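*Asks:* Mind looking over this structure? Questions follow.
What follows is calculated from the coordinates using simple rules that are stated; it is not laboratory data. Being a predicted model, the structure only gives us computed values, none of them experimental. Here Cβ is always computed from backbone atoms with ideal geometry, including for glycine, and neighbour counts include all displayed protein chains.
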Amino acid sequence: MKLSDLEVGDVATVKKIEIPNKKRRRQLMIMGLTKGVEVKVKEKAPLGDPIKIGLRGFDLCVSNVDTVNIEVTPCREKEEKGEER
């Protein structure tokens, strides 16, 4: 499954990063997007690009050009928001 396939609230673990642009791949890895890290999709722009993900205690916006090249393994279902009474 690709990072771009996840919906808002989904949590997954990065399995493989196959971004062809070596400079861009290195930039994302320096920012903490590495194999084995758990990411949560926090927001998607109205047209779906970019995607805001949370990882290692901070948020990172990643464009769809990159998210289609990042393979992930889903960890758990969306976090359900409790109903307020």
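Quick grid of which residues meet (1) within 12 Å of the chain's Cα centre (by Cα); (2) not basic (Lys, Arg):
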{"site": "Thr13", "(1), (2)": "yes, yes"}
{"site": "Pro20", "(1), (2)": "no, yes"}
{"site": "Arg25", "(1), (2)": "no, no"}
{"site": "Ile30", "(1), (2)": "no, yes"}
{"site": "Val39", "(1), (2)": "yes, yes"}
{"site": "Glu43", "(1), (2)": "yes, yes"}
{"site": "Pro46", "(1), (2)": "no, yes"}
{"site": "Pro50", "(1), (2)": "yes, yes"}
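*Asks:* Please work out which residue is nearest to Leu60 (Cα to Cα), limiting yourself to segment 16-28 and to residues that are surrounded by 14 or more Cβ atoms within 10 Å (Cβ to Cβ) and not β-branched (Val, Ile, Thr).
*Replies:* The selected residue is Leu28.
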